[in-house]
1. Provide the FRET efficiency to the nearest 0.05 for the residue 200-residue 248 pair, computing r from the beta carbons and using R0 = 30 Å.
2. Towards the positive end of the charge dipole of segment 261-351, with charges on Cβ (+1 Lys, Arg; -1 Asp, Glu), say which of 303, 283, 337 has the farthest Cα.
3. Which value in nm describes the separation of the simple spin-label points at residue 292 and residue 69, placed 7 Å from the Cα toward the beta carbon?
4. Do you know the relative contact order of segment 54-117, to the nearest whole percent, from alpha carbon pairs under 8 angstrom that are 6+ apart?
5. Using Cα pairs under 8 angstrom and six or more residues apart, how large is the relative contact order of the chain, in percent?
6. List every residue whose amide H lies under 5 Å from the amide H of residue 159, counting only residues 5 or more places away in sequence or on a different chain, with H placed 1.01 Å from N in the peptide plane.
7. Counting other beta carbons within 10 Å of each Cβ, put 190, 101, 293 in order, fewest first.
8. Can you list residues whose amide H is under 5 Å from residue 122's amide H, if they're 5+ apart or on another chain and H is modeled 1.01 Å from N?
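Rule-based calculations on the coordinates, nothing more; no lab input. This structure is a prediction, so every number in the text was calculated from the model and none was measured. Please note: Cβ atoms are built from the backbone with ideal geometry, for glycine as well, and neighbour counts cover all protein chains shown.
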Amino acid sequence: MAREKRPHGMEDGGTVTLSLVGDVMIETPFARQPAAGHTAFRAAITELRRADAVVANLEMPLSTGGYRVPKHSNLRSDPVIAADVRGMGIDAVTLANNHLMDYGPPAMLDTLAVCDQANLLHCGAGADLTAADGPAWLVHGGRRVALLSVACTLPMESDAGPGKPGIAPLRVGFSFEVDANLLVEQPGTMPTVRSWAVAADRDRVCARIAALRAEADAVVVAIHWGVPSYWLSPAQGPLAEYQRPLAHALIEAGADLVCGHHSHSLHPIELYRDKPILYSLGNFLFEGPRPFMEPESIIARASFGPRPSLEIVPLLLDEVGFPHLATGETAGHVLDLVARLSQPFGTALEIGDGRARVVAG
């Protein structure tokens, strides 16, 4: 069932502004984490809160129960961490990702209850597919933003279904294309990975977006997808083959913004039909970052209303995975990276004063 809340500090008007960030994974309560007191981290949080609402991807279940499922890696945090998530100013969390079911349905259902108790809106997971597909509603000055959360990253048995708890799935098929002549001439060559969104899931999510267009002033789709560069063939570029056609389909269905995460690195920004696609925002706060994770990150501040806009605020994560507001040469480095990644997609950035604005074509 969709829930609504009016974030603090809002004034009536024709525009609603969201701060969107990537993955959040916290293990140590801030009261026992020295990095939480760093001036540059507090500056990042101040910048994060300069919006009517803040949306992040919660990358772990909040539970002391459940059971460790067999998979590549498992994450879990104590429910007390919800207070620190909320304390950063985060209003809504997306839950459709490859870690929420790491300790099975009991821990996932605990997470929903913990979020409710902490006044954290959530979407992307539930007791069945209907619940997992439901939006979170952000309301401001009479304007209503519907937030959906879906995942292409689906560990075994993590997907919700009729009568089955889990996360909102958007499955992807894949195959490997092998050039036998090249392999004998150049043994060890990576095969080309073909991938595509499964039509039934794509159409289900697109129908949900189209239905929400009748109720919402804006629809935002958060999607867990893509591949960290550590596992991605340089010959195929920063995106998996399925991502761009799928993003375009979501916009065509009525999404006003597509916001991606999972790759733990920045990926391109594209404007399609003048609607932004943020292929990956990078990590926002990932305590104990893994070696393959990249420190560059952004806050995307999107305004919906008569004059929509998208501002990019650069961040750089420290050695323990906490974001610092980037300034000076560091800000220039992060923004130049976003511009360089986005240029092949025809996206122009206006960079100045340590910020960037995405320019419509």
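1. Efficiency, rounded to the nearest 0.05: 0.95.
2. Selected residue: 303.
3. 1.9 nm
4. The value is 50 percent.
5. Once normalised by length, the contact order is 16 percent.
6. Sorted by chain and number, the residues that satisfy this are 167.
7. With the sparsest Cβ surroundings first, the list reads 190, 293, 101.
8. 93
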